[in-house]
Structure formats: C-alpha cells, structure tokens
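For reference, the structure is listed below as structure tokens.
The values are calculated or read from the model by the stated rules, or taken from the named source; none is laboratory data. From a predicted model like this one, the values you see are computed outputs, not experimental measurements. Counting neighbours? That spans all protein chains shown, and the Cβs are built from the backbone with ideal geometry, glycine included.
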Amino acid sequence: MQCKTERDLASNELMAKIQARQAHVVVIGAGYVGVPLAVELAEAGVKVTAYDKDPRKVDLLNAGESYIEDIPSTQLRSCVSTGLLSGANEAHCLREADVVLVCVPTPLTRSKEPDLSYVEAAISDVVAHQHPGMLVVLESTTYPGTTREVVVPLLTERFELGEDVFVAFSPERVDPGNKVYQTRNTPKVVGGASPACQKVATALYGHVVDRVVPVSSTDAAEMVKLVENTFRAVNVGLVNELAQVSRALRVDIAEVIDAAATKPFGFMPFYPGPGLGGHCIPIDPLYLAWKLRTLNHESRFVALADQVNSGMPRHVARRAMELMSAHGKALRGARVLVAGVAYKRDISDVRESPAIDVIRELTQSGARVEFVDPHVREINEHGVALRGVPEGHVDYGDYDLVVVTTNHSSFDYEEIARRARLVLDTRSTVPGRRAGEDWDHNVAVL
Ligand SMILES: NC(=O)c1ccc[n+]([C@@H]2O[C@H](COP(=O)([O-])OP(=O)(O)OC[C@H]3O[C@@H](n4cnc5c(N)ncnc54)[C@H](O)[C@@H]3O)[C@@H](O)[C@H]2O)c1
C-alpha cells in the first residue's frame, strides 16, 4: 500500500492527464464496441491502444483496414496515421495505461447462465500490470452487481478504491448500422464505484460523447442497460404475438402499428419479425433473469418474451408450409430462397440470427434452401453451413417460395413481389402483402 501523499499524487495526476487529453487509454476487446470507441477517443486527440487477443484483428487495425462496417477504413487509417490509435496483441501494453476500457464479450454458458470468463480474464490482465492512478471501466453488458462483486475486489487487492484505483461501469449503447446515432451523439450512462471514481470516469467520457449521464452506482448503470434491452425484447415479443393474432383477424399488423405510431405520445412502434438476433437483445434479458433467480425472484415478462421470440423461427417454417399447401404445393422438395441472414437490416452480423434457425427449420421440413444477403457471403453457424447466392445473380422467379427474413435496404421488394411465385414476408416490407387467406395472394405475412 502507498502512503496518503503518494495516493493523492496518483489521483491528481490521473485527473490532470484526463483533462489535458494526455491519458493513455487501452481498450480491451477490439470488436463491434471497442473499435468505434477507440476511434472516437483518437479523434478527440486521446492516445489509444486497442488490445485484442485475436492477432488478425490487431494486424488489420494497424494496417488501417476496418472490419467494422460502421467505421470506414479511411476513418481508421487517419487515426492510425496520426499515431493516436494502434492495435496490440500482448497484455503488456497495459503497463502504459492510465485508463482501461473493457469491451469483451459477455455470452451465456451452455446452461444459459452469465459467462464472465472474458471479463475475468481481461481484469486479470489489468491486475498483472496495475500501477497507481488507473481508471478501469467495464463496458461489457452484464448483470447488476458484477463491477462491485467481481471487478472491484480484483482491482483493490493491492490498491485503494477511489484513491489509487478508480472503477466504473458504463454500458455500451452502440447500435451497429445506425446512421443517425453513433458513439458521439449517444448519451453515455456512467456509474462510479465511489464518488471519486464517478468524477474521474465522467471526465474521461466528456471527451468522447456529447452528453454524459451520471447515475449513483455501478449497479444502477448495469441495470440501465438490462432495462433498455429487456424493454426491447418484451415489446418485440408482444408485437410478434400480436402479429399472429392479427392474421387471425385478417388485419395487417404493420399497417396497424404505423397508424398507432401517429399518436404523438404514449406509443412507440415495434415491428414483428422472425425472432431476435445479435449479441444483445436475446441474451441481456437472460442476464437479468439469472440475477433475479439468485434473489428468489422470477422475471415473468423475460420468460414469456423469450418463449414467444425463440418460437418465431418455427412459426415461420410452419407458415411457409401453410402457404405452400394453400397453393397446392409441398414444402418438402421445394426450392426456397431465404432473403437476408444478418440479424438486422444493413449489417453483416449473423450472431444469433433467427434467419439461421429459419433455414434449419425449413431444411428439416425437407425444403432445398438457399440464401441471398448483400452483406453476408457464407454462413457457418449453429450447424448451418451455406454459401449465399450473389444478389446480382438472383432470379426470384426461380424459387417456389421466397422468405424475407431481413429487411436490407438494398433488396428490391417490388421485384420480389412481382417475380416470386410465393413470398412469406416476415418483416412487413414487401408491397402488396396480405393478412387474409393465404390462397388469395402471392405475398403472405407472419
Ligand atoms: N455489438 C453490439 O452491438 C453491442 C452493443 C452494446 C453492448 N455490447 C456489449 O459489448 C460487449 C462486447 O461486444 P462486441 O459485440 O464488441 O463483441 P466482439 O466479439 O465484437 O468483440 C470482443 C473482442 O474482445 C476480444 N477479447 C475477448 N477476450 C479478450 C481478452 N481477455 N483480452 C483481449 N481481447 C479479448 C475478442 O477477440 C473480440 O475481438 C459485450 O458485453 C456486448 O454484450 C455489444
């Protein structure tokens, strides 16, 4: 342990460095979250090292070749060429760090429980190179209590919290593919492990984002993220159920939602789809449910939304079978084109994509499935390995059925409606879709 004067010196020095943009930041995890954050810091004039275990990513970063769609290589290259951004593959880069931002994955284990192994490994690397006067912020999504119960104890074995080590949690809100809201103009919630930690972390993020939103604790900041994504998962679950109910009522749910959204208050539109995908919305609510279970509480909405949303790919396959049979055809042996395998519009990320489950369900029903996606060349996920048909080579008229699973903006929906023999539109984007009987039209809904 250090004496009081040394500690004061360490914390004052850190604050002064942050304020003068002279703090050296190490971002651990150069993925969808870490790279945009590192670029934003470098553009703010802060020296950043993006540390990743994956040497290929580090090489690409150092060559100024972006592998994150929202960050053009030109933007990355100008950060690298100023010397403010570099990649590193070895943990000893942490020796130079004044600030560490942890952006590593937080997946689920096989038994659908939080897997904190990446966070623990990253923090162990920090501990191995820890020195007085460091700010460490966890940005990975996790359950309330993680920073306080897991991160702080490791970082305070040799150092005093709020005096020579500063710890905070700040949830990452990046929305890949969003052209309007990016790192800088998305407000950043920050919860410190103590008032001093809060102060230091707020000063850092003040350089990176237009608005910092302080909350009273790391637990509150962790909960903010889970509330945001649980809100989304539950509302998507609700609308997926309403889509099924609406078809029974011969009402187009998308038309209804668009009309409801004209209400200027008290309503926010969510649209049905083939299920949830990506690294966040299907997973984060389960972190919350797990934490609640440890406190003997049941999260009924999370469970129900998970049940409805994870049942959607099977529902899509069932609808495909109904639609084919209403037109006197069998799904078994039919040639089916799945349009869009990324989990959402205009991105290439296929992690947890419901389209993969739809392909598996259709294949198990005997269909011969191909896919087209302008952002994805091939897939090899959850036992589904396929190479896509290039968009320019597709003739929608060649297939017995086209299932629209991702509403990419480059698809020509007029052409799909015109050329395809039958269309199952899971994203409410194909013109002329009908919610009525399947046999009276070629474009049907969920
Ligand atoms: N992707 C999103 O849209 C998004 C949005 C908000 C929050 N999040 C959260 O942010 C976190 C990171 O997600 P992501 O999508 O950026 O993940 P990612 O898989 O794209 O990137 C994580 C990176 O961390 C690296 N890594 C793992 N362990 C490491 C270690 N010990 N040391 C160094 N590098 C290590 C991996 O090689 C990988 O490159 C997760 O908790 C996620 O839930 C993601």
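General observations
Condition check ((1) part of a helix (DSSP H, G or I); (2) modelled with pLDDT of 95 or more; (3) within 26 Å of Val316 (Cβ to Cβ)) across all residues:
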| site | (1), (2), (3) |
| --- | --- |
| Ala221 | yes, yes, no |
| Val224 | yes, yes, no |
| Glu228 | yes, yes, no |
| Arg232 | yes, yes, yes |
| Asn240 | yes, yes, yes |
| Ile257 | yes, yes, yes |
| Met268 | no, yes, yes |
| Gly278 | no, no, yes |
| Pro285 | yes, yes, yes |
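- All positions within the range 351-394 that are in a strand (DSSP E or B) and crowded, with 19+ Cβ neighbours inside 10 Å: Val369, Phe371, Val372, Ile379, Val384
- Screening Val26 against (1) surrounded by fewer than 21 Cβ atoms within 10 Å (Cβ to Cβ); (2) within 13 Å of the ligand (Cβ to nearest atom); (3) within 11 Å of Asp98 (Cβ to Cβ) leaves a single unmet condition, (1).
- Matching residues in the range 395-444 - criterion: being outside any loop (DSSP other than H, G, I, E, B), farther than 23 Å from Ala330 by Cβ and hydroxyl-bearing (Ser, Thr, Tyr): Tyr413
- Members of the range 242-252 found to be surrounded by fewer than 17 Cβ atoms within 10 Å (Cβ to Cβ) and part of a loop (DSSP other than H, G, I, E, B), listed by number: Leu249, Arg250, Val251
Per-residue answers, yes or no, for (1) assigned by TED's automatic domain parsing to the domain that holds Val127; (2) at pLDDT 95 or above; (3) β-branched (Val, Ile, Thr):
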site	(1), (2), (3)
Ala38	yes, yes, no
Lys47	yes, yes, no
Asp52	yes, yes, no
Val58	yes, yes, yes
Gly64	yes, yes, no
Ile68	yes, no, yes
Pro72	yes, yes, no
Cys79	yes, yes, no
His92	yes, yes, no
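- Filtered by the rule that a residue be touching a Ser or Thr at 6+ places or on another chain (Cβ under 8 Å) and closer than 13 Å to Tyr287 by Cα, the range 106-125 gives Thr106, Pro114, Asp115, Leu116.
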